[in-house]
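Heads up, the thing below is written out as structure tokens.
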Amino acid sequence: MSSEANKKFVSNIKKEIQQKIKTENKNIKALNDENMELTRSIEGYSNFYHEVEHFFTESMADFNVKEDELPDYFKSNINEVYQNYSQIRLDAIDEKNHLNEYILHCKKEIQTNQRSLKFYKSQYSDSDIFSECLPLVDVYEKKIELYEKNIQKTNDIISTLDEIINILSNWK
């Protein structure tokens, strides 16, 4: 390849890398937004679980029934409450299934980003584009870290959903 052709080739690669960095930085922003949403969800589901516990405790005292008798009591006397809690249980199961799919998605993305990271790390040997690849290495490492954090937070949400499903296990 002539010197002029090589310069043009390297210039095109540098432009592609800059565009890739811009695109991946947008992806990182979206992952950060997902991470914040997951954080809010953890808090929301945890608060909801404690509200259900509190409602059950108050209802047992108010109606003089045991916890395992609450579903039948509400079904017979206040059916709307029974229907609401039955639906909440079903919604929690559905949400748990969606979150498990999200975890699978994150794991696939981690694998894809690990391959990209490996590729750009291997470009270190090419001195013409070394400095341009370095930011991409950082970007892919950051994406992998964010996906791993999102998986952990999603697992935390699933644990809370399991608690909600468990406390509502008799509300069918």
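The values are calculated or read from the model by the stated rules, or taken from the named source; none is laboratory data. This one's a predicted model, so the numbers in the text were calculated from it and none came from an experiment. When we count neighbours, we look across all protein chains shown, and the Cβ atoms used for this are built from the backbone with ideal geometry, even at glycine. Each accessible area value is taken on the protein alone, full model and side chains, heavy atoms only, with ligands, DNA and RNA left out. Shrake-Rupley method; radii C 1.70, N 1.55, O 1.52, S 1.80 Å.
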Taking N as the residue count of the range 1-82, its alpha carbon Rg divided by 2.2 N^0.38 Å gives 2.51
Per residue value of the accessible surface for the range 13-79 (all protein chains in place, 1.4 Å probe), Å²: 69 Å²
Expressed as a fraction of 2.2 N^0.38 Å, the rule-of-thumb size for a compact globular protein of N residues, what is the C-alpha radius of gyration of the range 33-120? 1.65
Can you give the angle from 0 to 90° between the axis of helix 79-122 and the longest principal axis of the chain, with both taken from C-alpha atoms, to the nearest 10? 20 degrees
Of 96/153; 15/108; 7/142; 118/153; 29/118, pairs whose Cα-Cα distance is over 20 Å: 15/108; 7/142; 118/153; 29/118
Normalise the Cα radius of gyration of the range 1-156 by 2.2 N^0.38 Å (N = residues in it) and let me know the number. 1.72
Sorting 90, 106, 70 by the position of each Cα along the dipole of the range 58-126 (Lys, Arg +1; Asp, Glu -1; all at Cβ), the one nearest the positive end of that ordering is 106
Quick one: dipole size for the range 1-95, taken about the Cα centre, charges +1 on Lys/Arg Cβ and -1 on Asp/Glu Cβ, in debye to the nearest 20. 1520 debye
Pairing the Cα long axis of helix 3-63 with the longest principal axis of the chain, what angle in degrees results, from 0 to 90 and rounded to the nearest 10? 10 degrees
Assuming R0 = 22 Å, what is the FRET efficiency of residue 15 and residue 148, from their Cβ-Cβ distance, to the nearest 0.05? 0.10
